[in-house]
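What follows is a set of notes on a single structure, which appears directly below.
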Amino acid sequence: MEAKVLVERLAQERATERHVSDELQRLTMAFAEQRRGTGASWKEIGAELGVNKHTLQYWHHRHRMTKGRTKLARVEIVREAQGTEFVVHAPGGLRVECMTVVQLVELLKRLR
């Protein structure tokens, strides 16, 4: 996407919304990554787009951290839990059995 189009979309969205949408941030980061590849600094890119360089760097960090991830995953409930322990089936064949809710929460925190 051209800088001119991004500038217009960013201005439009900022005029009506409190935050720039994730989609527009991703488009901006695609442009910024292309420009960074040519040696442009965050300050130069920010000046081109009318966005503070710190905002661009923050978006870049968020974009890198969430690249390839989905926010929600589809799950299937096989059967209702009979007790207070759970069995977890994860991608790649991982299976964890006899886990309480507290242990499950702790496991999920550590896996982040």
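So in the stretch 17-65, with the set limited to residues that are among the basic types (K, R) and more than 12 Å from the chain's Cα centre (by Cα), which one is surrounded by the fewest Cβ atoms within 10 Å (Cβ to Cβ)?
R18
Take the residues of the stretch 14-43 that are acidic (D, E) and modelled with pLDDT of 90 or more: which is farthest from T66 (Cα to Cα)? Talk me through it step by step, then tell me what you get.
Just the residues of the stretch 14-43 that are acidic (D, E), to begin with: 17, 22-23, 33.
From what is left, the residues that are modelled with pLDDT of 90 or more are 23, 33.
Values: E23: 13, E33: 15 Å.
Looking at residues that are acidic (D, E) and modelled with pLDDT of 90 or more, I get E33.
Would it be correct to say that A3 is touching a residue at least 12 places away in the same chain (Cβ under 8 Å) and exposed (fewer than 15 other Cβ atoms within 10 Å of the Cβ)? Yes.
The values are calculated or read from the model by the stated rules, or taken from the named source; none is laboratory data. Everything quoted here is computed from the prediction, not taken from an experiment. All Cβ positions, glycine included, derive from the backbone under ideal geometry; neighbour counts span all protein chains shown.
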